[in-house]
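Scroll down for the structure; my scribbles are underneath it.
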Amino acid sequence: MTKTLYAEFTAREGAAAEVARLLRDYALKVRAEEGNLAFDVYTKADAPRAFWIFEVYRDEDAFRTHVKAPYGVPFNAALAPLIEEDASVLTHLDPVG
């Protein structure tokens, strides 16, 4: 079964452009992972500093591989001081039906 989740966070005032740049670079790496099926980055239409990332992985193993990727820790370290939350807020999703 696929592993689906979304991550959300809010860029600090004045940091949205840098957050977007980091996400563009990170998304290229994640999308290249063998088990990644989707890594789509959005901002909220009425709150452009609010970022949402929709992620889908082939299965739990593919997600675990993603979490262990060597570029994840540097990405999160660069992101942390640029966002209002302590870290990305993750919501794991299950299909209905």
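Here are the numbers for this structure:
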read-out	value
Check on residue 65, surrounded by 11 or more Cβ atoms within 10 Å (Cβ to Cβ), farther than 28 Å from residue 14 by Cα, at pLDDT 95 or above and among the β-branched types (Val, Ile, Thr)	yes
Flag if residue 67 is among the β-branched types (Val, Ile, Thr) and over 15 Å from residue 7 (Cβ atoms)	no
Considering residues of region 1-34 that are of a type in the set (Phe, Trp, Tyr) and farther than 15 Å from residue 81 by Cα only, the residue surrounded by the fewest Cβ atoms within 10 Å (Cβ to Cβ)	6
Selected residue (criterion: nearest to residue 38 (Cα to Cα)) from residues of region 59-97 that are among the hydrophobic types (A, V, I, L, M, F, W, C) and free of Cβ contacts under 8 Å to residues at least 40 places away in the same chain	67
Filter result (within 30 Å of residue 13 (Cβ to Cβ) and either assigned to a helix (DSSP H, G or I) or of a type outside the set (D, E, K, R) (or both)) within region 53-62	53, 54
Enumeration of residues in region 14-53 that are under 13 Å from residue 2 (Cα atoms) and within 11 Å of the chain's Cα centre (by Cα)	38
Region 1-52: number of residues that are in contact (Cβ under 8 Å) with a residue 40 or more places away in the chain, of a type outside the set (Ser, Thr, Tyr), under 16 Å from residue 79 (Cβ atoms) and not in a helix (DSSP H, G or I)	9
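The values are calculated or read from the model by the stated rules, or taken from the named source; none is laboratory data. Everything numeric in this text was worked out from a predicted model, so none of it was measured. Methodologically, a virtual Cβ is constructed for each residue, glycine included, from the backbone with ideal geometry; neighbour enumeration extends over all protein chains shown.
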